[in-house]
1. Hey, B:G94 hits all of (1) within 12 Å of chain A (Cβ to nearest Cβ); (2) modelled with pLDDT under 90; (3) loosely packed, with under 15 Cβ neighbours inside 10 Å but one; which does it fall short on?
2. Mind counting the residues in the stretch B:19-41 that are within 10 Å of the chain's Cα centre (by Cα) and not hydroxyl-bearing (S, T, Y)?
3. Can you tell me which residue is surrounded by the fewest Cβ atoms within 10 Å (Cβ to Cβ) among those in the stretch A:128-142 that are closer than 24 Å to A:P253 by Cα and in contact with a strand residue (DSSP E or B) (Cβ under 9 Å, 6 or more places away or on another chain)?
4. Restricting to the stretch A:22-56, name every residue that is modelled with pLDDT under 85 and either among the charged types (D, E, K, R) or buried (at least 19 other Cβ atoms within 10 Å of the Cβ) (or both).
5. Somewhere in the stretch B:65-87, is a residue of a type outside the set (S, T, N, Q), buried (at least 18 other Cβ atoms within 10 Å of the Cβ) and over 22 Å from A:F351 (Cβ atoms)?
6. Go through the stretch B:14-41 and report how many residues are within 11 Å of chain A (Cβ to nearest Cβ), in a helix (DSSP H, G or I) and of a type outside the set (A, V, I, L, M, F, W, C).
7. One residue is enough: does the stretch A:269-282 have a residue meeting the conditions within 21 Å of the chain's Cα centre (by Cα), over 21 Å from A:S120 (Cβ atoms) and outside any loop (DSSP other than H, G, I, E, B)?
8. So for the stretch B:53-66 (the condition being under 27 Å from A:R335 (Cα atoms), part of a helix (DSSP H, G or I), away from chain A (no Cβ under 13 Å) and among the β-branched types (V, I, T)), does at least one residue qualify?
Amino acid sequence: MRSLSDKKIEQLRSIAANPDFSSTKYRIVKELARGGMGTVYLAEDPELSRQIAIKVLSTPEANSEIGRRMVREAQIIARLEHSGIVPVHDVGVLPDGRVFYAMRLVRGERLDEYAARAGSVKDRLRKFQAACDAVAFAHAHGVIHRDLKPQNIMIGSFGEVLVLDWGVAKILPPHRVSEASEAETLMLPARKQGANDSQSISEDTTHGTIMGTPGYMSPEQARGEVEQLNQCSDVYSLGAILYFLLTNESPKPTKGHATPDRQFEPTPRPRELNAKISKAAEAICMKAMAPSNLDRYTSAAELSTDIARLVDAEPVSAYRENAFEKTGRWLGKNRYLILLVLAYLLMRFFFIFSARG
Amino acid sequence: MSKPLIGILLGAVLGTFDGLTAWFTPAVRNELASIVVSSTFKGIIAGIAIGFFAKKYQSLPIGIMFGLAVGALLAFLTAHFAVGGYYFAIMLPGSMVGLIVGFATQKYGQVPRVAHS
């Protein structure tokens, strides 16, 4: 009897692991990414002659809790028709029982990769504002993301901003968007993305289930207070993303069950890491990341408005300027017009003195 | 504030100032009032034209070029009919005023909203 080589065994394992899409119209091209819950493939839709991305559940458990959750994830994304949220085209079950959903293929880079490359703070803030708008749209439709971080925001080839990975999203009751006590929770297992602080976690506690990423999840989320979660928890995460965009460093994880062996370290203020950051930008960041959700922006839309004002060099709600700062901001905002008028006056004085001479 | 209104106000202010500087030219000092009036009028006309252009086309370089052209044209007409042939002394500041108004109307003022059916 002939024995199989390791290479052959690996090949057979790979064939067995590949999902069988023969019953669907899609044709798998290659694997794009693999996580704890499922795998994302690059696929082709021959009917429409386009490439798409397909997320397939790792295990054939269509009727299990995890299978139902994946269907719900697809349903959540499908209800959020927004330019900043990847649209879902199709959802179904493969012959082997694995749940899949097809979505738009996003080409581009993650926000953290973009931030490492893009130097302008203004550009980063504009992208961040677009992400805030997408999250605000989800909030308006009663959905909170609960795992916002730079790795879950994609910048497309044409500069479009897309919020991804709604796997731990939560639907709030329509009449109580700001409260979460009666909320329906979607819980997914841990996604293994690497052994660092940006690893998403899911951990059962006496209070509820901890979901999110240390450093980016709100204190109430880190404590597992599921009933306390609302859009303000996402606002905290957005604040943490802003912190990263301003300082190039992730905020320190908040104290909670997620980090039992870690001493709580207060996150240094952005200006302590980079003195060039404006006081207004720091104030926005710290307001969004306030330990108590009562002290934060009440919505992502409110945060987005302040970011827009910051980009346009207008006063922001999070920071009260003194007269000197107001003047400096006004001069900075109108510097080109001031320079033109000064050039005009200079020219006028030249004419006056040359006529006298 | 609308773009045409910004154009009118800025054109009027700069035009008035432009006219007042004639006081420093002794040869035309006794015609100061008519110079100020005509210069202000010229600034307002330029402001209206540049402001409405900015309302229709949102482009900073094109807006600046248009302002410069309008300012230069009006200044040329003023210089042409003025006694003394102060072409350079009238056209350079006039063009500069047009340029500033062109810049300001593109940069500031409400952009008209497009109605969707």
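1. (3)
2. 1
3. A:Q129
4. A:R34, A:M37, A:G38, listed by residue number.
5. yes
6. Looking only at that region, the number is 3.
7. No, the conditions are met nowhere in the stretch A:269-282.
8. The answer is yes; a qualifying residue exists.
The values are calculated or read from the model by the stated rules, or taken from the named source; none is laboratory data. Computed from a predicted model, the values in this text were never measured in an experiment. Don't worry about glycine lacking a Cβ; one is built from the backbone with ideal geometry, like all the others, and counts go over all protein chains shown.
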